[in-house]
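Some notes on the structure that comes next.
The values are calculated or read from the model by the stated rules, or taken from the named source; none is laboratory data. Model, not experiment: these values are computed from the prediction. Heads up, the Cβs are rebuilt from the backbone with ideal geometry, glycines too, and the neighbour counts pull from every protein chain shown.
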Amino acid sequence: MDPITIGLIILAVIVVLGGAAFVSTRSRGRDLELEPRKGGTDLLERPRDAELDTADTDLLERDVDVVDDAPGDVLVEEPVDDVVVEEPVVKPSFFERLTKARTAFTGYLGGLVGMGKLDDEAWEELEEALIRADVGVSTSMSLLEDVQSRAKETGAEEGAEIVGLLKTRMQEELAGKDRSLTIDDGETNVWLFVGVNGVGKTTTIGKLGKRLAAEGNSPLMAAGDTFRAAAAEQLTMWAERTGSEIVRGNEGGDPSSVIFDGVKAAAARECNVVLADTAGRLQNKTNLMEELSKVRRVAAKEPGHVSEVLLVIDATTGQNGMSQAKVFAEAVDVTGVVLTKLDGSAKGGIVFAIESELGIPVKLVGLGEGVDDLVDFDPEEFVNALFE
């Protein structure tokens, strides 16, 4: 066989073998295409305009920061920190916290506003409304006498006009009094806290300690209530919370000695205000009131300087608070009143009774249980709240 023939035979064999291999490969490819892709629809079978899966679009929909520091064109995703915006804490207003006092007083005034000319019966009911709010009998009568006099002068007759005159007169009753808390420069100031049991003296001291420290003062607390077992512990807790100094004595010890030690310690440690707690006592116990007078005298000894004597009264006690104020004022020369629990009292009229009958200004009021809920008394806001 010649060489040409042999070459053609070899070529034919190569063509036949190559075709068989191609057909085999195609067959295996079709078998693979018929087997579905694990985890979802086959990408080859999905229409071009079909929506992408959430997992596939996750990177497209997410805001990312791209950092071009990887090799080549690789994009590195860095998470974006969530920014947490804290909502400011909005405390209830003076108006909102006096709901009970307003409800008791304005229940009658609401009907009075829509009345025409007031008759004698209406005037009597208005006086009764003032007395029920614990404004006091003598103070209520005095206020209404002035209002009636002004009504005659101005020709006011209708209910709304009379209510307006009463509001103005009540604002005047509380105006013009010094409600500041005294801290004399260069002195070891002593603020003495007095009152019956359970009115909130120790808690008031704790809240004032925080306030004084925040204002740049250096308070020292003196645990002069040596008769109540938990009093010193409670005051110690407040001192730790507010970063204040504290001096305490033995249980059942002489309260005057504890307070005097507190004054000396304050002078040595350069604390400018001593917040002196005293034991709660009933105003009808003569011996206890005499002891309180002694505490007052001892606190004023060098280097002590008594700049405030604050009588703490529970606003919910109403007229009983007036009897307390009278006796304590005689025993220790009270300079101001702290009226606690005013937010929960329907007897807020006690403010007028204290100030008009005793001439003692209300300096602080408690409007809640929080540490910042002991606030300066604002007479204008107080009267506005009663009439709204």
Do the conditions hold for R269, that is, is it in the same structural domain as V199 (by TED's automatic domain parsing) and modelled with pLDDT under 85? no
Which listed residue, of V327, V306, is in the same structural domain as K201 (by TED's automatic domain parsing), within 20 Å of W191 (Cα to Cα) and outside any strand (DSSP E or B): V327
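Out of curiosity, is R269 surrounded by 14 or more Cβ atoms within 10 Å (Cβ to Cβ), within 18 Å of W191 (Cβ to Cβ) and not aromatic (F, W, Y)?
no
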Scan of region 214-241 for residues that are among the hydroxyl-bearing types (S, T, Y) and either assigned to a strand (DSSP E or B) or within 20 Å of H305 (Cβ to Cβ) (or both), ordered by number: S218
Checking the condition polar (S, T, N, Q), within 23 Å of L192 (Cβ to Cβ) and under 20 Å from the mean Cα position of the chain (by Cα), which residue from T340, T335 passes? T340
For a quick check of your reading of the model, give me the residue pairs whose first member lies in region 253-277 and is among the basic types (K, R), whose second is crowded, with 16+ Cβ neighbours inside 10 Å, with beta-carbon atoms closer than 6 Å and at least 6 apart or on different chains. R269/E245
When you check G348 against the structure, is it in a loop (DSSP other than H, G, I, E, B) and out of contact with any Lys or Arg (no Cβ under 7 Å at 6 or more places or on another chain), yes or no? yes
For region 135-192, the count of residues that are among the charged types (D, E, K, R) and assigned to a strand (DSSP E or B) equals 1
Tell me, yes or no, whether region 359-377 has at least one residue that is assigned by TED's automatic domain parsing to the domain that holds G216, touching a residue at least 12 places away in the same chain (Cβ under 8 Å) and among the aromatic types (F, W, Y). no
Which one of the conditions (1) over 24 Å from E187 (Cα atoms); (2) over 23 Å from the mean Cα position of the chain (by Cα); (3) crowded, with 20+ Cβ neighbours inside 10 Å does S356 fail to meet, given that it meets all the rest? (3)
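Going by the conditions given, is A385 in contact with a Leu (Cβ under 8 Å, 6 or more places away or on another chain), among the hydrophobic types (A, V, I, L, M, F, W, C) and crowded, with 23+ Cβ neighbours inside 10 Å?
Spelling it out, it is not the case that A385 is in contact with a Leu (Cβ under 8 Å, 6 or more places away or on another chain), among the hydrophobic types (A, V, I, L, M, F, W, C) and crowded, with 23+ Cβ neighbours inside 10 Å.
Each row is one residue, and each column tells you yes or no for (1) of a type in the set (A, V, I, L, M); (2) in contact with a Lys or Arg (Cβ under 9 Å, 6 or more places away or on another chain).
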| residue | (1), (2) |
| --- | --- |
| Q148 | no, no |
| A151 | yes, no |
| A156 | yes, yes |
| I162 | yes, no |
| K167 | no, no |
| E172 | no, no |
| G176 | no, no |
| I183 | yes, no |
| V194 | yes, yes |
Just to be sure I understand, how many residues within region 272-283 are crowded, with 18+ Cβ neighbours inside 10 Å, at pLDDT below 95 and either part of a loop (DSSP other than H, G, I, E, B) or among the hydrophobic types (A, V, I, L, M, F, W, C) (or both)? 4
Can you find even one residue in region 180-194 that is closer than 25 Å to F382 by Cβ, in the same structural domain as A268 (by TED's automatic domain parsing) and β-branched (V, I, T)? yes
